[in-house]
Amino acid sequence: MGYKLENISFIVNGKTLQIFENGFIEHLLLDSRKIYSPSTSLFFALKGPRRDGHQFISELYNKGVKSFVVSEKIKIADFSEASFILVDDTLEALQRLASFHRKQFTIPVIGITGSNGKTIVKEWLYQLLHEKFNIVRSPKSYNSQIGVPLSVWQINSHHELAIFEAGISEPGEMDKLEKIIQPTIGILTNIGETHNENFVNREEKLAEKLKLFTHANKVIARGDDAWITRQMLKAGTNNFFWGRNKSSDLQIVSIEKENSQTKIVLNYKNGVFDFSIPFTDDGSIENAVTCCSLMLVAGIERSYIQQKMPHLQAVSMRLELKKGINQCSIINDSYSADLSSLGIALNFLDQQSIGSKRTVILSDFLQTGLTEKKLYDEIAALLQIHNINKVIGIGKNITVHLKKNEKASYQFYNTTEDFINQFLSSQFKEETILIKGARVFEFERIVHALEQKVHQTVLEINLNAIAHNLKEYQKFLEPSTKIMAMVKAFAYGSGGAEIASILQYHKVDYLAVAYADEGVELRKAGINLPVMVMNPEESTFDAIIENNLEPEIYSFELLNQFDSFLKQSGLQEYPIHIEIETGMNRLGFNSGEIEKFGDVLNQANSFKIKSVFSHLAASEEASQDEFTLLQHKKFVDASNELEELLGYPFIRHIANSAAIIRHPHLQMDMVRLGIGMYGVDIANTNSLELQHVAVLKSTIAQLKYLKKGESVSYNRKGIVNRDSVIATIRIGYADGYVRHLGNGVGKMVVNGQFAPVIGTVCMDMTMIDVTDIPNAGEGDEVIIFGKELSIQQIAEWASTIPYEIMTAISQRVKRVYYQE
């Protein structure tokens with residue numbers, strides 16, 4: 001279903017500036033990096049705190065997008081073959097269009113809100129009901145002021161049921177989402193602590209969430225919390241409560257947990273029935289009863305509920321990027337197959353495969369409601385627009401219906417078993433492989449075949465957290481202030497190319513590495529951002545030039561060496577960066593050398609200064625603020641003198657992660673963001689809502705049952721003073737777990753409880769005391785650092801800093817990158 005541009009202009013209360021072709025619009029576009037079918041896409045130029053969509057109109061026009069909704073006057077003459085609709089607010093226009101689109105359909109619509117569990121409930125309802133209904137649902141967790149309109153826009157005439165999430169962070173937001181979703185049935189999952197700071201109290205937050213259900217015919221919620229039930233009754237909603245109270249519409253009679261499943265006994269309309277789910281945690285039990293309530297409200301027979309509940313599957317909330325065989329990278333999305341999530345996965349593939357071949361392994365797409373021809377034509381178009389080099393289709397339908405593109409190679413198999421039986425590892429080399437399939441195809445077997453085999457200690461990197469932390473720091477910056485992201489030392493141990501890809505995707509201005517070989521690896525990975533090399537060596541000048549890297553120059557000796565090399569190469573005005581010494585006393589030209597330095601540069605035509613900078617020695621420490629400000633003054637004086645001598649401007653930067661927050665007046669033209677991007681507030685300002693980027697985890701290899709007085713590890717340093725259970729963990733100092741954490745200094749987390757290190761840390765193994773964790777077992781996951789145990793705490797125990805802990809993690813530890 002599409003709309004003509006003239007109709008859209010009327011719907012959004014816009015003014016038509018120019019209509020080139022009054023064609024049908026089928027796709028809404030908000031991001032210049034995610035273009036699909038440009039000729040039928042309408043771009044909304046949204047404005048953010050640092051990015052303004054109007055800045056990307058020219059780029060999109062050149063890529064084939066011809067239709068735009070804007071809130072600023074545009075120089076029409078520059079876009080003769082484009083159409084423009086002028087509105088007061090582009091976000092409001094997007095929401096108006098989505099609201100109008102929703103009103104064209106009379107199907108049941110489920111609206112879900114709450115602090116936790118929204119996405120799980122939505123995905124479980126899809127698992128339970130997709131055989132009965134053709135369902136449209138929010139992609140992943142698209143539940144914001146922008147995500148909800150994009151979700152609702154997906155509804156078409158084939159759909160019989162819609163399920164949408166709605167998330168809010170402050171008052172006034174839910175009214176807008178209610179007008180877009182217009183749910184006929186509402187679900188309130190729970191009310192937690194998230195975003196409490198933006199509301200006066202819990203009552204205000206709950207009242208805001210309940211606005212989603214203003215016109216709903218029925219609202220489902222847990223009835224055991226008297227405060228919530230009072231508020232819902234006060235709001236006047238038509239409620240369906242579940243819980244242990246006898247007054248509940250659906251009463252929980254009993255919950256029996258055994259091994260890996262739970263039996264739930266319920267009483268509904270004076271009739272007792274039960275079902276089992278393959279989970280034992282309280283959150284899953286709550287979500288399952290919520291789903292059961294919805295199905296009862298919808299008139300689904302109990303026998304169907306009992307049949308489907310035992311087959312619920314865990315919901316994968318993330319795309320994982322792993323190292324594969326033969327220098328391949330594997331993107332694991334082997335849990336779902338639908339068009340909306342395929343688009344998201346292909347965008348992630350674009351982001352992580354710059355410079356390498358792209359392979360996609362797809363299964364049949366089941367129960368989409370589209371004809372086979374239309375479905376596989378859309379899939380083929382997506383694969384073509386994302387420049388896929390190799391397509392492997394598994395399933396009888398995709399084999400028959402997927403159109404081939406002459407630029408790609410194709411292989412087809414009827415079943416996953418057929419693929420596994422004919423699998424040759426030599427067929428995959430130096431490519432990024434997206435694996436995406438419906439659950440029934442069991443593509444996890446393919447993932448296992450393609451994964452690089454390494455030991456069970458893993459460093460998980462959350463790419464969403466990198467992007468989130470970047471935005472947290474951007475809040476403190478002027479829109480004109482540039483960002484240089486530090487990805488030296490393998491991006492603080494997190495993976496240089498992978499981190500650089502997400503930073504390039506989010507349009508940082510510069511990258512910085514320590515040595516030239518790190519920059520070369522970024523170029524090999526397809527990173528095209530400017531890269532500053534902080535420690536250039538004469539032996540690497542050729543690599544620097546060949547890969548268009550920009551060296552830092554900090555001494556006359558280095559300046560002369562690079563000047564000679566450039567002259568021999570016949571190059572002029574090569575970009576360089578100059579470090580000025582202001583108090584760190586490590587590298588850089590002293591302020592007294594600026595005049596001489598300027599004279600040398602004026603006599604040479606080999607160089608062009610891109611930036612001048614200095615390092616702050618103690619910006620995170622309040623006791624050193626006077627020294628920090630003195631450094632800044634020295635830098636300003638020296639850089640002013642140099643600019644006057646050279647006669648042209650350059651970028652200036654001195655602020656690091658801590659200074660961005662503690663000394664915002666020092667941000668100048670650019671800031672250097674390092675450890676803060678990885679979730680560590682080194683200054684402990686508590687001014688940021690940083691997310692943990694890295695989780696280091698391992699497993700229990702073996703349990704030992706020792707008697708009082710027995711010893712553990714080398715030199716018998718660990719003596720147990722009681723009968724004890726000792727767990728051997730698959731991590732040692734060769735993996736980066738420093739020896740200083742031995743003998744009770746460090747701790748690890750097992751099943752949510754702290755377990756102290758006992759004895760000396762070995763090269764490949766470390767022992768911990770799990771005597772007080774009775775449910776610990778061999779193979780259990782062990783958290784070395786992460787959300788439960790911060791890297792700052794590990795650093796404190798080890799008498800060092802988080803930088804050292806992160807960069808010490810060895811390359812034999814498997815890195816797994818994921819995106820929610």
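The values are calculated or read from the model by the stated rules, or taken from the named source; none is laboratory data. Every value quoted in this text rests on a predicted model; they were computed, and no experiment measured them. Cβ placement follows ideal geometry from the backbone for every residue including glycine, while neighbour counts extend to all protein chains displayed. These accessible areas exclude ligands, DNA and RNA; they are computed on the full protein's heavy atoms, side chains included. Shrake-Rupley method; radii C 1.70, N 1.55, O 1.52, S 1.80 Å.
Excluding ligands, DNA and RNA, what is the solvent-accessible area per residue of the range 203-302 at a probe of 1.4 Å, expressed in Å²? Each step should come with its number before you reach the end.
Details: 4710 Å² over 100 residues.
Heavy-atom SASA per residue in the range 203-302 reads 47 Å².
About the centre of its Cα atoms, the chain shows a dipole size close to 2440 debye [charges on the beta carbon of Lys, Arg (+1) and Asp, Glu (-1) only; nearest 20 debye]. Here's the picture: a label point sits 7 Å out from the Cα of Q811 along the beta-carbon direction, and within the range 526-544 the residues with their amide nitrogen under 20 Å of it are 526-527, 533-537, 539-541, 543-544. The residues neighbouring H311, those whose beta-carbon lies less than 13 Å from its own, together hold a net charge of +1 under the Lys/Arg +1, Asp/Glu -1 convention.
Tell me which GluC sites (Glu not before Pro) from the range 381-489 have a DSSP coil assignment and no more than 16 other beta carbons within 10 Å of their own. Loop-located and lightly packed - E406, E430, E442.
Each eigenvalue of the Cα gyration tensor of the range 655-796, multiplied by 5 and square-rooted, gives one semi-axis; in descending order these are 37, 14, 12 Å. Exceeding 29 Å between C-alpha atoms, which entries from my cross-link table qualify? They are K475/K596; K132/K176; K404/K436; K471/K747; K407/K429. Where the Cα-Cα span goes over 29 Å, the pairs concerned are K475/K596; K132/K176; K471/K747. Counting only DSSP beta bridges with both residues in the chain, the antiparallel share comes to about 40 percent. Note on the range 1-64: with charges restricted to the Cβ of Lys and Arg (+1) and Asp and Glu (-1), its dipole about the Cα centre is near 260 debye.
If the only charges are +1 at each Lys and Arg Cβ and -1 at each Asp and Glu Cβ, what is the size of the charge dipole of the range 181-288 around the Cα centre, to the nearest 20 debye?
Working: 13 positive and 14 negative charges, 97 e Å.
So the dipole magnitude of the range 181-288 works out to roughly 460 debye.
Around the amide H of V612, modelled in the peptide plane, lie the amide H atoms of I578, I651, R652, H653, all under 5 Å away and 5 or more residues distant in sequence or on another chain. Mean residue ellipticity, 222 nm, helices only, the chain: the sum of -39500 (n - 2.57) across DSSP H runs of n ≥ 4, divided by residue count and rounded to 500, is -8500 deg cm²/dmol.
Would you list S247, S687 from the most to the least accessible area, probe 1.4 Å? Please list the in-between numbers first.
Working: S247 105, S687 60 Å².
Largest accessible area first, the residues go S247, S687.
Once both labels are positioned 7 Å from their Cα atoms along Cα-to-Cβ, the gap between A734 and K471 label points is 4.2 nm.
Would you mind getting the accessible area per residue of the range 378-531, heavy atoms of the protein chains only, 1.4 Å probe, in Å²? Display every interim value, and only then the final one.
Values: 6310 Å² over 154 residues.
Averaged over the residues of the range 378-531, the accessible area is 41 Å².
Look at the dipole of the chain built from charges on Cβ: of A622, F20, F273, the Cα furthest out on the positive end belongs to F273.
How would Y268, Y554 rank on accessible area, largest to smallest, probe 1.4 Å?
Numbers: Y268 30, Y554 55 Å².
Reading off the accessible areas and sorting them downward yields Y554, Y268.
So what is log10(I(q)/I(0)) for the range 1-149 at q = 0.10, 0.17, 0.19 1/Å, when the Debye sum runs over its Cα atoms only? Log10 I(q)/I(0), no solvent term: -0.40, -0.99, -1.15. With a cut-off of 19 Å, note down the residues of the range 389-407 whose backbone N falls inside the zone around a label point 7 Å from the Cα of T371 toward its beta carbon. In the range 389-407, the label zone of T371 (backbone N under 19 Å from the point 7 Å along Cα→Cβ) covers 397-404.
Work through the residues other than F275 whose Cβ is under 10 Å from its Cβ and net out their charges, Lys, Arg +1 and Asp, Glu -1.
Working: positive: K263, R302, K308; negative: D274.
Net of charged neighbours comes to +2.
Of the residues V200, V109, L296, the one whose Cα sits farthest towards the positive end of the charge dipole of the chain is L296 (charges of +1 on Lys and Arg Cβ, -1 on Asp and Glu Cβ, taken about the Cα centre). Element breakdown for the range 301-454 at a 1.4 angstrom probe: carbon and sulfur atoms account for 48% of the accessible area. Which entry in (i) 29.9; (ii) 28.1; (iii) 32.2 matches Kirkwood radius over Cα pairs in Å derived from the coordinates of this structure? Only one listed value fits the structure, namely (i).
Looking at the range 77-160, the trypsin sites (Lys or Arg not before Pro) that sit in a DSSP loop and have at most 16 other Cβ atoms within 10 Å of their own Cβ are K103, K132.
In the range 178-257, the portion of solvent-accessible area held by carbon and sulfur atoms comes to 48 percent [1.4 Å probe, whole percent, DNA, RNA and ligands not counted]. Residues whose amide H falls under 5 Å from that of C762, counting only those 5 or more places apart or on a different chain, are Y733, M767, with hydrogens built in the peptide plane. Taking amide H as placed 1.01 Å from N in the peptide plane, T699 has its amide H under 5 Å from the amide H of R730, V782, each at least 5 places away in sequence or on another chain.
Note on H740: accessible area is roughly 100 Å² with a 1.4 Å probe, heavy atoms of protein only.
Of all DSSP-defined beta bridges confined to the range 310-406, some 45% are antiparallel rather than parallel. Across the range 431-444, computed HN-Hα scalar couplings (Karplus, 6.51 cos²θ - 1.76 cosθ + 1.60, θ = phi - 60°) run 9, 9, 10, 8, 10, 9, x, 5, 4, 5, 7, 6, 5, 4 Hz from first to last residue, x flagging Gly and Pro. Rounded to 0.05, the FRET efficiency of the R33 and E81 pair, given R0 = 22 Å and the Cβ-Cβ distance, is 0.50. When nucleic acids and ligands are ignored and a 1.4 Å probe is applied, M534 ends up with an accessible area of around 10 Å². Among the GluC sites (Glu not before Pro) in the range 277-342, those located in a DSSP loop and surrounded by at most 11 other Cβ atoms within 10 Å of their own Cβ are E301. Between E59 and E778, full extension at 0.36 nm per residue minus the direct alpha carbon distance yields a gain of 253.3 nm. Of the accessible area of the range 685-820, with the probe set at 1.4 angstrom, what percent is carbon plus sulfur? Ligands and nucleic acids excluded, carbon and sulfur reach 47 percent.
How much accessible area per residue does the range 670-820 have, in Å², with a 1.4 Å probe? It would help to have the intermediate numbers written out before the result.
Details: 6640 Å² over 151 residues.
Each residue of the range 670-820 exposes 44 Å² on average to a 1.4 Å probe.
Report the full-extension gain for the segment K610 to N721: residue separation times 0.36 nm, less the Cα-Cα distance, to one decimal in nm. Numbers along the way, then the final one.
Values: separation 111, 0.36 × 111 = 39.96 nm, distance 6.32 nm.
33.6 nm is the gain from fully extending K610 to N721.
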